[in-house]
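First up is the structure itself, then whatever we jot down about it.
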Amino acid sequence: QVQLVESGGGLVQPGGSLRLSCEASGIIFSPAAMSWYRQAPGKQRELVAVITTDRNTNYADSVKGRFTISRDNAKNTVYLQMNSLKPEDTAVYYCNAVGRHGPMAWSPAYNIWGQGTQVTVSS
């Protein structure tokens with residue numbers, strides 16, 4: 001069974017930094033894409049950043065230049081380094097992994113979510 005376990009959330013002052021981690025277990029082949037989403041109270045879940053197996057990345061405009069997504073394929077782990085945090089970054093951050101259980105295009109696919117980790121930016 002594929003599972004994602006997130007860590008690293010917490011309370012930080014504006015301008016501070018946090019690093020989120022998300023480890024995928026129960027898989028053999030590295031996920032094709034690993035992403036971070038966030039959901040603030042009363043708002044829809046939104047994509048923050050995504051990284052592919054060959055480390056192509058894409059970011060939401062609101063976090064470009066402040067957040068960096070990276071991954072360790074050997075550990076099936078994705079990271080989100082968040083710098084210059086703002087109060088509007090406050091949200092529950094969710095990890096997502098998309099991939100296949102085998103090397104073939106018809107291998108069973110998965111699309112899984114972590115349980116979420118709270119990030120609060122406040123003075």
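Values quoted throughout were computed directly from the atomic coordinates according to the rules given, and no laboratory measurement underlies them. Note that the coordinates shown come from a computational prediction; the quantities given were computed from them, not determined experimentally.
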Rounded to whole Hz, the Karplus (6.51, -1.76, 1.60) HN-Hα couplings of segment 39-52, x for glycine and proline: 9, 8, x, x, 10, 6, 5, 10, 6, 9, 7, 9, 9, 8
Per-residue HN-Hα couplings for segment 56-67 [Karplus 6.51, -1.76, 1.60; θ = phi - 60°; Hz; x = Gly/Pro]: 6, 10, 8, 10, 5, 4, 5, 10, 4, x, 10, 10
Residue among D72, D89, D54 with the largest mean-square fluctuation in a Gaussian network model of the chain, springs linking Cα atoms under 10 Å: D54
For segment 1-61 and segment 63-123, distance of Cα centres in Å: 1
Fluctuation leader among V48, V12, V78 - the chain, Gaussian network, Cα springs under 10 angstrom: V12
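Got the relative contact order for the chain handy, in percent, Cα pairs under 8 Å and 6 or more residues apart?
Values: 309 pairs, mean separation 43.4, N = 123.
For the chain, the relative contact order is 35 percent.
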Amide hydrogen neighbours beyond the local backbone of T90, cut-off 5 Å, H modeled: V121
Phi-based couplings in Hz for segment 87-92 (Karplus 6.51, -1.76, 1.60; Gly and Pro marked x): x, 6, 7, 4, 4, 8
Rounded if a/c under 1.5, otherwise prolate or oblate - segment 31-116, Cα gyration tensor axes: prolate
Of R19, R71, R38, the one that fluctuates the most in a GNM where the chain has Cα springs shorter than 10 Å: R19
Amide proton proximity set for F67, modelled H, under 5 Å, gap of 5+: N83
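Could you state, as a whole-number percent, how many of the C-alpha pairs of segment 1-78 are farther apart than 19 Å?
Numbers: 1237 of 3003 pairs.
So the pairs more than 19 Å apart make up 41 percent of the total in segment 1-78.
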